[in-house]
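The values are calculated or read from the model by the stated rules, or taken from the named source; none is laboratory data. These figures come from a predicted structure and were not determined experimentally. Cβ placement follows ideal geometry from the backbone for every residue including glycine, while neighbour counts extend to all protein chains displayed.
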Amino acid sequence: MSIQDDIIKQARAILEYDERINLHRSPIEISIRNGTLMLAGEVEDLTTKKCALQLLRNQQLAGVSTFVDRLTVRPTEQRGDGALRDTLCRALLEESTFRNCTLQGRAKEVAGQGQGFKKVDFETWQQADREPSGLVQISVEEGAVILEGHVPSPSHKYLIGTMSWWLRGGRNVENRLEVVPAREETEEELVDGLRLILEKDRLVEADQIRIDIRNRVITLTGWVATEEEKGMAEADAWCLSGVADVVNQIEVRK
């Protein structure tokens, strides 16, 4: 067995051992080249996608220096890119948190100067009305939402990313938003961001859930009425960038 095959075998064993990942329902392709381990395939939900990548990162596999995530989430319904973009833009317009952000949706690509050059054209849905302001540009390509621009706080970044994951029919979210002015995102900001997200999530009773964090590992405790609500709270936590793991100790009380 080659060194690469041995690494792939170790990685697969790690995924199979974790009860949150079902490789029968979510077949994950693992490959490695020049120290880069890549995960690809279509998985059943966001928790599986995020958990699989983070599990392998946390293991610090010998011979692996970088990771590439090409996993997508199986869409709950079929929707076109334009419909996904417009639905997200309308949802952000209704959210008061983003009134200080200019919101733009990618309209189309138009021919530009030079051979093969294309210019991306954005339609402005909202102009920021106060400072500090942000600029959020939304594109959707083959079911993947791409967020670019800048926002005034980590909470803005977390909430926009999560609302993008809430879209029915979406397959992936690339949150490239920068926080301006730049600063390191603290654990306290992660907790504040998740609390805001849980309060906005209509499928979760946020008052019944407690959030603890240590070394960027989020632990959820409390109680909810259904397994679906418990799973949604965990998925919301995985939406935050910079999370090392999510421990879901929420109880279901019917």
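Name the single residue, out of those in the range 213-254 being surrounded by 13 or more Cβ atoms within 10 Å (Cβ to Cβ) and of a type in the set (Asp, Glu), that is nearest to ARG168 (Cα to Cα).
ASP236
Considering ASP69, ASP81, ASP18, which residue is among the charged types (D, E, K, R) and more than 27 Å from ALA233 (Cβ to Cβ)? Don't jump to the end; show me each part of the working.
Values: ASP69 fails: more than 27 Å from ALA233 (Cβ to Cβ); ASP18 fails: more than 27 Å from ALA233 (Cβ to Cβ).
The unique qualifying residue is ASP81.
When the residues of the range 88-99 are filtered to those that are surrounded by fewer than 17 Cβ atoms within 10 Å (Cβ to Cβ) and either touching a residue at least 60 places away in the same chain (Cβ under 8 Å) or not hydrophobic (A, V, I, L, M, F, W, C) (or both), which remaining residue is nearest to THR48 (Cα to Cα)? Give the steps one after another, and end with the answer.
If we filter the range 88-99 for residues that are surrounded by fewer than 17 Cβ atoms within 10 Å (Cβ to Cβ), which is where we start, we get 90-91, 93-97, 99.
Filter once more, keeping what is either touching a residue at least 60 places away in the same chain (Cβ under 8 Å) or not hydrophobic (A, V, I, L, M, F, W, C) (or both): 90-91, 94-97, 99.
Numbers: ARG90: 28, ALA91: 26, GLU94: 30, GLU95: 28, SER96: 31, THR97: 29, ARG99: 33 Å.
Filtering the range 88-99 for residues that are surrounded by fewer than 17 Cβ atoms within 10 Å (Cβ to Cβ) and either touching a residue at least 60 places away in the same chain (Cβ under 8 Å) or not hydrophobic (A, V, I, L, M, F, W, C) (or both), the one nearest to THR48 (Cα to Cα) comes out as ALA91.
Could you figure out which of (1) among the basic types (Lys, Arg); (2) at pLDDT below 95; (3) closer than 22 Å to GLY169 by Cβ isn't true of ARG20?
For ARG20, the failing item is (3).
The rows are residues; the columns are (1) farther than 18 Å from ALA91 by Cβ; (2) at pLDDT 95 or above; (3) out of contact with any strand residue (DSSP E or B) (no Cβ under 6 Å at 6 or more places or on another chain).
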residue: GLU131; (1), (2), (3): yes, no, yes
residue: VAL136; (1), (2), (3): no, yes, no
residue: LEU167; (1), (2), (3): no, yes, yes
residue: ARG183; (1), (2), (3): yes, no, yes
residue: ASP212; (1), (2), (3): yes, yes, no
residue: ILE218; (1), (2), (3): yes, yes, no
residue: GLY242; (1), (2), (3): yes, no, yes
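Consider ILE146 against the criteria (1) surrounded by fewer than 21 Cβ atoms within 10 Å (Cβ to Cβ); (2) under 21 Å from LEU196 (Cα atoms); (3) among the β-branched types (Val, Ile, Thr): it satisfies all of them except one. Which criterion is unmet?
For ILE146, the failing item is (2).
Only residues that are closer than 13 Å to LEU71 by Cβ and surrounded by fewer than 14 Cβ atoms within 10 Å (Cβ to Cβ): list them for the range 1-30, please.
Hits for the range 1-30 are PRO27, GLU29.
I need every pair where a residue in the range 229-246 that is closer than 16 Å to GLU187 by Cα has its Cβ under 6 Å from the Cβ of a residue that is assigned to a helix (DSSP H, G or I) and among the charged types (D, E, K, R), sequence separation at least 6 or different chains.
Partner pairs satisfying both residue conditions: TRP238/LYS50; VAL246/GLU234.
Residue by residue through the range 215-254, note down the ones that are closer than 21 Å to ASP18 by Cα, basic (Lys, Arg) and out of contact with any Gly (no Cβ under 8 Å at 6 or more places or on another chain).
The one that is closer than 21 Å to ASP18 by Cα, basic (Lys, Arg) and out of contact with any Gly (no Cβ under 8 Å at 6 or more places or on another chain): LYS230.
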